[in-house]
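What follows is calculated from the coordinates using simple rules that are stated; it is not laboratory data. What you see is a predicted model, and the numbers here were worked out from it, not measured in a lab. Quick reminder, even Gly has a Cβ in these numbers, built from the backbone with ideal geometry, and neighbours come from all protein chains shown.
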Amino acid sequence: MSPRAPTAAEQLADLIRFSRSTVALTGAGISVPSGIPDFRTPGEGVWENVDPFEVASIEAFHRDTKRFWEFYRPRFEMLGDRVPNPAHLALAELESRGLLSAVITQNIDRLHRTAGTRELIEIHGSIASSSCLSCGTSWPLAEVEGLFDPDDGVATCTGCFGKVKPDVVLFGEMLPLEAIERARDLAATAELMICVGSSLEVFPAAGLPELTLAAGGAVAVVTKGPTHYDGEAAVRLDGDVAEELPAVLAAL
Ligand code: ZN
């Protein structure tokens, strides 16, 4: 009897089993099965007919805060309703089994947190809270709705009447330095980086697998469609992330 060749999911399970330090890097693709469209896919969802660089930049926030919230408030409400899918849950389960050190994400939807991931680095911030730009007071997502002025629809600080902004990194804003440094440290010391649902085109996330490879680690890619790292990936899974990651878990 000849043994069958291992599936890609089994190969990734083996890599995870023998790695002493594994991190996951996730992008918009992991949240698509939760009903959150990738805004880089043209013509989908709330980004349809809107140039996100025009409305969701820090410059636009200051220039026309009313317009910013007209665009962002429905997105806030939509994201607030979403729940994690089996791909988020599989990563949380890997962590709880001691097989995953951390999740680095480009997503702002806080679904990794909802799924139970503890060591989470959100390099683009999160909708989980919003803060006053003047005095720094912060509100959880559920309380932001109460800050909108009924007349102009702008979220205003209840203490100092300053402008309240979601704690997400808008276009044109600096990325949170501490999170980026932590992500780079994790990438450079990982024996295995699992890239999930990201085309790996947007920096600085796009540069993180390079750090892992440069330090002698391996990169696995679990994403529909091509990425820049396909040629260097130790294993490549290109099905639905909500099926692929549970299959990896089942093979462990
Ligand atoms: Zn304030």
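Compared with the dominant Cα axis of the chain, that is its longest principal axis, helix 8-18 is turned about 90°.
As a rough guide to protection, the peptides 120-127, 78-85 ranked by mean Cβ packing within 10 Å, highest first, stand as 120-127, 78-85.
Which residues among region 208-252 fall inside the zone where the amide N is under 16 Å from a point 7 Å beyond the Cα of ARG17, along Cα→Cβ? Counting backbone N atoms under 16 Å from the label point, the list is 247-252.
By its C-alpha gyration tensor, with a ≥ b ≥ c as the square roots of the eigenvalues, how is the chain shaped: rounded for a/c under 1.5, else prolate for a/b larger than b/c, else oblate? Prolate is the answer for the chain, as a/c is 1.5 or above and a/b outweighs b/c.
On the beta carbon distance between SER134 and GLU77, with R0 = 30 Å, the FRET formula returns roughly 0.75.
In the chain, the longest principal axis of the Cα atoms and the axis of helix 65-81 are about 40 degrees apart. Packing-based ranking of 137-145, 66-74 yields 66-74, 137-145, ordered from highest to lowest mean Cβ neighbour count within 10 Å. Rounded to the nearest 0.05, the FRET efficiency derived from the C-beta distance between ASP51 and SER96 at R0 = 41 Å is 0.50. Extending 7 Å from the Cα toward the beta-carbon at both GLU243 and VAL202 defines two label points whose distance is 2.7 nm. Taking Cα atoms only, the orientation of helix 86-96 departs from the longest principal axis of the chain by about 70 degrees.
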